[in-house]
Protein chains: 2
Amino acid sequence: MRKEYLYGGVEAGGTKFVCALGTGPDALSARCEIPTTTPDETVGRVVDFFRSHAVESVDGIGIASFGPLDLSPGSTTYGFITSTPKPGWQNTDIAGRLRTALKKPIAIDTDVNAAALAEGEYGAARDLRNFVYYTIGTGIGAGIVTNGRVLHGRSHPECGHIRIPRDPLDTFAGACPFHGDCLEGLASGAALQGRVGELAQRLSSDHPVWRLEARYLALALVNTFYMLAPERIILGGGVMQRAALFPAIRNETRALFGGYVGVEPLEDFVASPALGNDAGIVGAMMLAAKAS
Amino acid sequence: MRKEYLYGGVEAGGTKFVCALGTGPDALSARCEIPTTTPDETVGRVVDFFRSHAVESVDGIGIASFGPLDLSPGSTTYGFITSTPKPGWQNTDIAGRLRTALKKPIAIDTDVNAAALAEGEYGAARDLRNFVYYTIGTGIGAGIVTNGRVLHGRSHPECGHIRIPRDPLDTFAGACPFHGDCLEGLASGAALQGRVGELAQRLSSDHPVWRLEARYLALALVNTFYMLAPERIILGGGVMQRAALFPAIRNETRALFGGYVGVEPLEDFVASPALGNDAGIVGAMMLAAKAS
């Protein structure tokens, strides 16, 4: 009889952690959500979850974490959350803490790389060998798949921090504590809120800030296309819950191609995620299968 | 006895074509240069070169061409130079013309992808699995290697056409006929010439335009780093003959990282090509080995 493997998944987000247990991403036997507070308290509750759910029979645990992460094999800080602006979380050895407490094989990658894995296997990028998964939320990040594999170079991509031209009429200084007006500084949920003084989800769809948002995200898409030539770009995250953004982004993207090499139809190229909020935890379970 | 293969290489550039014949990139038996005029005349002279050099014993021919190229397998225009601004060369079936005339297996890729192949095998990126080769010449292009393979997505990358923030004091409209002030429009050799009304190589190294050039190229490097996290970026092409650009670019790059995820030492990360002007034709010979 073929052994049935049991996997644990942890999606480590800036607002909450999601933990799950199951024989596969589509067969979960337990799941819980934990608010993100301090590393000690939050990781402690993750450990409690697995200990109360027969961790001894788990074959491996996958972590899909916010970053930046040190993912250089052989580095003394491999598996650490490094220079995050999130208070209290700089230099947190998230992988090591879970390995020490749970004594199981651990695999770790960024939340967006895990989401890209999941969308590639079960979601909006099935059968594609070259695609990009963006999350446009409080911050901006992306997972990139080239030649069928998640891209890891010297470190993981940090697509949210590319520089794009700002609108000449946009006087907002930018919300990125490191770069000011990089992509994340101009177009993240935090930037939207900083610019208009209100949560993005409270704004009506005809607020002029959405035109600016669509323009900035289209600049990100065009730069991503010209850099990588992906077959599809998936836009997820809280900001993209505003459905009207999709056609506006496609129109701005078409204009920015300017008749040079581009993509049509853009309805197919600029896509919504198929897994919604589950992409991260599904990706974490897929990482677990690699660890064990 | 092991058969010795004979390869042909064609580097198709906007100013000249280079043809070569040999048992490998480091063992050439013949080589010639042909000025780029019309497709009929130029390709005709390439055919003449191979016919006068025992083409019947050639096992395969590799073409490293200026672009954009159609590289989608199965496309009816596979191997065509497509929407180039170069007069007379739009929609030129360069691969098909050589295949028909010479009746040999043909492989084709962009000049920058071929140069990246060559620098990865023999040059400044030996043993690296993730790197980028930029050429900063009349135009700007890049070849990208991820996970040890040249990146081909839906099409080939067009890194010269990413949008970057322009300097607020830069009043030059940009030299790209499609996008105006994209990277190529702001920082190519043609842009330098358009901005100051003189060939870049005639300008003294203390001309203020070099500071602007370093800034724009640093923006390209930072965007490339945040998008791909490569282990090294090689900067080739005519504009980079100005050696003083390298330290200036590194300084601007360091400032743009802004204390966030970055790279040190930049002396190692931002590198000169090792093969100089030979990268394209060496890469073409490497493509030939794949074709045959």
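The values are calculated or read from the model by the stated rules, or taken from the named source; none is laboratory data. Note that the coordinates shown come from a computational prediction; the quantities given were computed from them, not determined experimentally. No Cβ is skipped: glycine too gets one built from the backbone with ideal geometry, and neighbour counts run over all protein chains shown. Accessible surface is based on the protein model in full, side chains and every heavy atom, while ligands, DNA and RNA are left aside. Shrake-Rupley method; radii C 1.70, N 1.55, O 1.52, S 1.80 Å.
Between A:Ala279, A:Ala289, which is surrounded by 20 or more Cβ atoms within 10 Å (Cβ to Cβ) and at pLDDT below 95? Just one listed residue meets the conditions, A:Ala279.
Out of the stretch A:226-240, which residues are more than 14 Å from every other protein chain (Cβ to nearest Cβ), in a helix (DSSP H, G or I) and modelled with pLDDT of 95 or more?
A:Val239, A:Met240
Scanning the stretch B:217-238 for residues that are surrounded by fewer than 24 Cβ atoms within 10 Å (Cβ to Cβ) and closer than 18 Å to B:Gly194 by Cβ yields B:Gly237, B:Gly238. Across the stretch B:118-142, the qualifying residues are those that are free of Cβ contacts under 8 Å to residues at least 40 places away in the same chain and surrounded by fewer than 24 Cβ atoms within 10 Å (Cβ to Cβ), and the one among them that is nearest to the other protein chains (Cβ to nearest Cβ) is B:Asp127.
Starting from residues that are at pLDDT below 95 and out of contact with any strand residue (DSSP E or B) (no Cβ under 9 Å at 6 or more places or on another chain), keep the ones in the stretch B:149-169 and report whichever is nearest to A:Tyr216 (Cα to Cα). If we take residues in the stretch B:149-169 being at pLDDT below 95 and out of contact with any strand residue (DSSP E or B) (no Cβ under 9 Å at 6 or more places or on another chain), then B:Pro168 is nearest to A:Tyr216 (Cα to Cα). For the stretch B:12-43, a residue qualifies if it is out of contact with any Ser or Thr (no Cβ under 8 Å at 6 or more places or on another chain) and in a strand (DSSP E or B), and the qualifying residues are B:Val18, B:Cys19, B:Ala20, B:Gly24, B:Ala27, B:Leu28, B:Ala30, B:Arg31, B:Cys32, B:Glu33.
Residues of the stretch B:75-101 that are surrounded by fewer than 12 Cβ atoms within 10 Å (Cβ to Cβ) and within 13 Å of B:Pro39 (Cβ to Cβ): B:Pro87 alone.
Open to solvent by less than 50 Å² (accessible area, probe 1.4 Å), closer than 27 Å to A:Gly258 by Cβ, at pLDDT 95 or above and of a type in the set (A, V, I, L, M, F, W, C): does that describe A:Ala191? When the stated conditions are applied, A:Ala191 passes them. Here A:Ser272 meets each of (1) open to solvent by less than 10 Å² (accessible area, probe 1.4 Å); (2) at pLDDT 95 or above; (3) touching a strand residue (DSSP E or B) at 6+ places or on another chain (Cβ under 8 Å); (4) not aromatic (Phe, Trp, Tyr) with one exception, condition (1). Restricting attention to the stretch A:18-30, the residues that are over 28 Å from A:Pro85 (Cα atoms) and surrounded by 14 or more Cβ atoms within 10 Å (Cβ to Cβ) add up to 7.
Evaluating B:Ile164 against the criteria (1) assigned to a loop (DSSP other than H, G, I, E, B); (2) more than 14 Å from chain A (Cβ to nearest Cβ) leaves one unmet condition, (2).
With B:Thr42, B:Thr15 as the choices, which residue is of a type in the set (S, T, N, Q) and open to solvent by 20 Å² or more (accessible area, probe 1.4 Å)?
Values: B:Thr42 fails: open to solvent by 20 Å² or more (accessible area, probe 1.4 Å).
Residue meeting the stated conditions: B:Thr15.
Does B:Ile61 satisfy being crowded, with 24+ Cβ neighbours inside 10 Å, in contact (Cβ under 8 Å) with a residue 60 or more places away in the chain and more than 15 Å from the chain's Cα centre (by Cα)? It is true that B:Ile61 is crowded, with 24+ Cβ neighbours inside 10 Å, in contact (Cβ under 8 Å) with a residue 60 or more places away in the chain and more than 15 Å from the chain's Cα centre (by Cα).
A:Val145 meets all of the listed conditions (1) outside any loop (DSSP other than H, G, I, E, B); (2) away from chain B (no Cβ under 12 Å) but one, namely (2). Screening A:Val196 on (1) more than 23 Å from A:Phe257 (Cα to Cα); (2) open to solvent by less than 10 Å² (accessible area, probe 1.4 Å) shows it passes everything except condition (2). In the set (1) open to solvent by 20 Å² or more (accessible area, probe 1.4 Å); (2) part of a helix (DSSP H, G or I), A:His207 fails one condition alone, (2).
Restricting attention to the stretch A:241-292, the residues being out of contact with any Ser or Thr (no Cβ under 9 Å at 6 or more places or on another chain) and within 14 Å of chain B (Cβ to nearest Cβ) number 11.
Give the residues of the stretch A:77-104 that are of a type in the set (Ser, Thr, Tyr) and either within 14 Å of another protein chain (Cβ to nearest Cβ) or in contact (Cβ under 8 Å) with a residue 12 or more places away in the chain (or both), sorted by residue number. I'd like the intermediate steps shown before the answer.
At the first step, the residues of the stretch A:77-104 found to be of a type in the set (Ser, Thr, Tyr) are A:77-78, A:82-84, A:92, A:100.
Selection gives A:Thr77, A:Tyr78, A:Thr82, A:Ser83, A:Thr84, A:Thr92.
Filtered by the rule that a residue be in contact with a Phe, Trp or Tyr (Cβ under 6 Å, 6 or more places away or on another chain) and assigned to a helix (DSSP H, G or I), the stretch B:90-111 gives B:Leu102, B:Asp111.
Residue check: A:Ser72 meets all listed conditions (1) among the polar types (S, T, N, Q); (2) open to solvent by 10 Å² or more (accessible area, probe 1.4 Å); (3) in contact with a strand residue (DSSP E or B) (Cβ under 8 Å, 6 or more places away or on another chain); (4) in contact (Cβ under 8 Å) with a residue 60 or more places away in the chain but one, namely (3).
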